[in-house]
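Please read the structure below before turning to the comments.
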Amino acid sequence: MSFDCAIIGGGHAGLNAALVLGRARRNVILFDNNKPRNAVTQESHGFITRDGIEPTEFRQIAHKEISKYPSVEYKNIEVFSVTKNKITFELVTSMGEKCQSKTIIISTGLRDILPSIDNISEFFGKSLFNCPYCDGWELKDRPLVVIVDEQKQGFHYTQIIYNWSKDLVVCTNGKIVHRTEQKELLQNKGIRIIEHKIKNFVGQNGQIEQLVFENGETISRKGGFVLTQWIQSSDFGKELVCENNSLGGIATDSFGRTNITGLYVAGDASVIAPGQLIIAASEGSRAAIGVNMCLTEQEFSTS
């Protein structure tokens, strides 16, 4: 089978790319392993007309809309490998199926790596979140914990969260994160800083009640935010020798083009911060337009 474009990743970026290319009458195949980054999230926010929607419902609506365009094929299967020859890309799925495509959009996104704290995953996505723009409103004015264990972004991250709640305790999980002047600025705002290592969380049904530290100290909190580390969900960019940007994502131009001809990236894989759904969707639209422009230029150059 041969396609105009193969999209790897069925999140918001990949879905929107498929929609735009379907409407552009391009033959598209969308591969989705159904392992979205927001799988732990109960509600999605910040997407106009869809604020508060469950992620699974959003995907159902998207699939229904895309199904109206007959040139788009959907495959609920994982792509195992991607290689490039002079003209096309070859994709092999985990089931051994093969297909050829003139262009590729990588929209596999990122994965959150949580700090090494016992049982933290039980609370992540329920009362402990990463993005304040996505979940800050729901936690407004509550006593919150902010977990930051790296210096580069930790101070700014806390400042942003202060907009939603003035009752903050910053935990650095055993590390020295803040400079002296930063500590003073936070403390002048009534923000307590605890540098002891966190042992675990106490709570029920994913709702934080207390944090327990290795020195035996405890604090009561009703939710919080954690600064996670991000890694690519797939190695396709590395395998195809894509250049990276300063944030560690795949470098792209204004239409999602990489340094590899015919290879585009959309969404979080390029680490466009903040990682909101509406931004990922717009990145998918941008890459799809870039793909369509490329294919159109090829058609006219060979006519």
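The values are calculated or read from the model by the stated rules, or taken from the named source; none is laboratory data. In this text, all values refer to a predicted model and were calculated from it rather than measured experimentally. Counting neighbours? That spans all protein chains shown, and the Cβs are built from the backbone with ideal geometry, glycine included. These accessible areas exclude ligands, DNA and RNA; they are computed on the full protein's heavy atoms, side chains included. Shrake-Rupley method; radii C 1.70, N 1.55, O 1.52, S 1.80 Å.
When the residues Thr56, Thr172, Thr261 are ordered by accessible surface, computed with a 1.4 Å probe over the protein chains alone, the sequence from largest down reads Thr261, Thr56, Thr172.
Modelled spin-label separation between Gln153 and Ser94, with each label point placed 7 Å from Cα along the Cα-to-Cβ direction: 2.7 nm.
Close amide-amide hydrogen proximity is noted between Phe129 and Gly224, Phe225, Val226, each under 5 Å apart and 5 or more residues distant or on a separate chain (H modeled in the peptide plane; Pro and chain starts excluded). When both region 5-54 and region 67-108 are represented by their alpha-carbon centers, they are found 16 Å apart.
Dipole magnitude for the chain: about 280 debye, using +1 per Lys or Arg Cβ and -1 per Asp or Glu Cβ, origin at the Cα centre. Scanning residues 5 or more positions from Ile250 or on other chains, those with amide H under 5 Å from its amide H are Asn245, Ser270, Val271, with H placed 1.01 Å from N in the peptide plane. Among the chymotrypsin sites (Phe, Trp or Tyr not before Pro) in region 138-200, none sits in a DSSP loop with a Cβ that has at most 11 other Cβ atoms within 10 Å.
For region 135-173, applying the loop criterion from DSSP together with a ceiling of 15 other beta carbons within 10 Å to the trypsin sites (Lys or Arg not before Pro) yields Lys140, Lys166. Shown are Asp112, Asp118, Asp167, whose ranking by accessible area with a 1.4 Å probe and every protein chain present, most to least, is Asp118, Asp167, Asp112. Take the Cα of Trp137, go 7 Å toward its beta carbon, and the backbone nitrogen atoms of region 157-186 under 19 Å from that spot belong to 160-166.
Between Lys35 and Asp118, take the C-beta separation as r, use R0 = 25 Å, and let me know the FRET efficiency to the nearest 0.05. About 0.55, to the nearest 0.05.
Taking all protein chains into account, the per residue accessible area for region 18-97 stands at 62 Å² (1.4 Å probe). Taken over region 156-303, the convex hull of the Cα atoms encloses 164 Å³ per residue.
For the pair Gln229 and Glu78, a Förster radius of 35 Å applied to the C-beta separation gives a FRET efficiency near 0.90, rounded to the nearest 0.05. Each of Tyr69, Pro55, Thr108 was placed along the dipole of region 1-153 (beta-carbon charges, centred on the mean Cα), and the one lying farthest toward the positive end is Tyr69. Averaging the sequence gap over all C-alpha pairs within less than 8 Å and six or more residues apart, then dividing by the number of residues, gives the chain a relative contact order of 22 percent. Applying a DSSP loop filter and a limit of 12 other Cβ atoms within 10 Å to the trypsin sites (Lys or Arg not before Pro) in region 16-97 leaves Arg25, Lys68, Lys86. My understanding is that a pair violates if its Cα-Cα distance is over 22 Å; which of Lys152/Lys183; Lys126/Lys183; Lys64/Lys238; Lys126/Lys152 do that in this structure? Listed pairs above 22 Å: Lys126/Lys183; Lys64/Lys238; Lys126/Lys152. Taking the DSSP beta bridges with both ends in the chain, the antiparallel portion is around 45 percent. Remark on region 40-123: Rg and Dmax equal 17.7, 49 Å (Cα only). Spin-label pair Ser254-Arg23: with each label point 7 Å from Cα along the Cα-Cβ axis, the two points sit 2.1 nm from one another.
Computed over the chain, the alpha-carbon pair-distance distribution with 10 angstrom bins reads 6, 26, 29, 20, 13, 5, 1, 0, each value a whole percent. Across all Cα atoms of region 241-303, the radius of gyration (one decimal) and Dmax (whole number) stand at 12.6, 43 Å. Pairwise Cα separations in region 147-198 fall into 5 Å bins from 0 onward with the following percentages, short to long: 5, 22, 36, 26, 10, 0.
When shorter helices are ignored and each DSSP H run of at least 4 residues is given -39500 (n - 2.57), the per-residue value for the chain at 222 nm works out to -7500 deg cm²/dmol.
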